[in-house]
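Structure first, commentary second.
The values are calculated or read from the model by the stated rules, or taken from the named source; none is laboratory data. Worth saying up front: this structure is predicted, and the values here are computed from it rather than measured. Glycine also receives a Cβ, built like all others from the backbone with ideal geometry; neighbour counts cover every protein chain displayed.
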């Protein structure tokens with residue numbers, strides 16, 4: 001059995017397959033998944049699993065160099081924004097785009113990890129960094 005924080009075999013395999021600059025999304029329950037983009041659906045019920053817990057588990061194995069969030073989160077969901085900033089590596093400050101632009105950017109991501117989060121704009125695109 002795998003030892004560590006992230007136990008989901010699909011997400012672990014996805015992370016192992018990513019190259020520098022490849023992107024994945026961690027999204028709330030309502031984020032649309034573009035056609036042709038893999039959806040890893042973790043949602044069990046409203047709030048389970050949560051966005052922050054999922055982000056923390058993914059970051060335990062995923063080296064990132066950038067994160068992108070919707071500008072609207074600053075006003076509509078500041079608690080999730082601050083919790084996200086606390087989980088991101090110190091060198092990564094999220095870039096902000098409109099929610100419409102965010103949804104367009106998801107079209108070029110390798111996968112969307114859907115959580116059970118039911119609060120507004122709890123979504124982030126993470127870009128793979130390198131470990132050297």
Of the residues in segment 123-132, those that are over 11 Å from the mean Cα position of the chain (by Cα) and part of a loop (DSSP other than H, G, I, E, B) come to 129, 130, 131, 132
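Would you confirm whether or not segment 47-68 contains a residue that is loosely packed, with under 13 Cβ neighbours inside 10 Å and either more than 13 Å from the chain's Cα centre (by Cα) or part of a helix (DSSP H, G or I) (or both)?
Within segment 47-68 (the criterion being loosely packed, with under 13 Cβ neighbours inside 10 Å and either more than 13 Å from the chain's Cα centre (by Cα) or part of a helix (DSSP H, G or I) (or both)), the answer is no, since none of the residues qualifies.
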Can you confirm whether segment 8-18 contains a residue that is in contact with a helix residue (DSSP H, G or I) (Cβ under 6 Å, 6 or more places away or on another chain) and either under 22 Å from residue 105 (Cβ atoms) or surrounded by fewer than 19 Cβ atoms within 10 Å (Cβ to Cβ) (or both)? no
Just for segment 19-30: of the residues that are surrounded by 16 or more Cβ atoms within 10 Å (Cβ to Cβ) and in contact with a strand residue (DSSP E or B) (Cβ under 7 Å, 6 or more places away or on another chain), which one is farthest from residue 132 (Cα to Cα)? 29
Only one of these is in contact with a helix residue (DSSP H, G or I) (Cβ under 9 Å, 6 or more places away or on another chain) and over 15 Å from residue 113 (Cβ atoms): 36, 67. Name it. 36
May I ask you to verify whether residue 79 is more than 19 Å from residue 19 (Cα to Cα) and surrounded by 19 or more Cβ atoms within 10 Å (Cβ to Cβ)? no
Using the structure shown, decide if residue 100 is out of contact with any helix residue (DSSP H, G or I) (no Cβ under 9 Å at 6 or more places or on another chain), surrounded by fewer than 14 Cβ atoms within 10 Å (Cβ to Cβ) and without any contact (Cβ under 8 Å) to a residue 24 or more places away in the chain. yes
All positions within segment 85-122 that are closer than 19 Å to residue 49 by Cα and part of a loop (DSSP other than H, G, I, E, B): 88, 115, 116, 117, 118, 119, 120, 121, 122
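Determine, yes or no, whether residue 29 is assigned to a loop (DSSP other than H, G, I, E, B), at pLDDT 95 or above and under 14 Å from the mean Cα position of the chain (by Cα).
Values: assigned to a loop (DSSP other than H, G, I, E, B): yes; at pLDDT 95 or above: yes; under 14 Å from the mean Cα position of the chain (by Cα): yes.
So residue 29 passes the test.
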Scan of segment 60-75 for residues that are in contact (Cβ under 8 Å) with a residue 60 or more places away in the chain and out of contact with any strand residue (DSSP E or B) (no Cβ under 6 Å at 6 or more places or on another chain), ordered by number: 62, 63
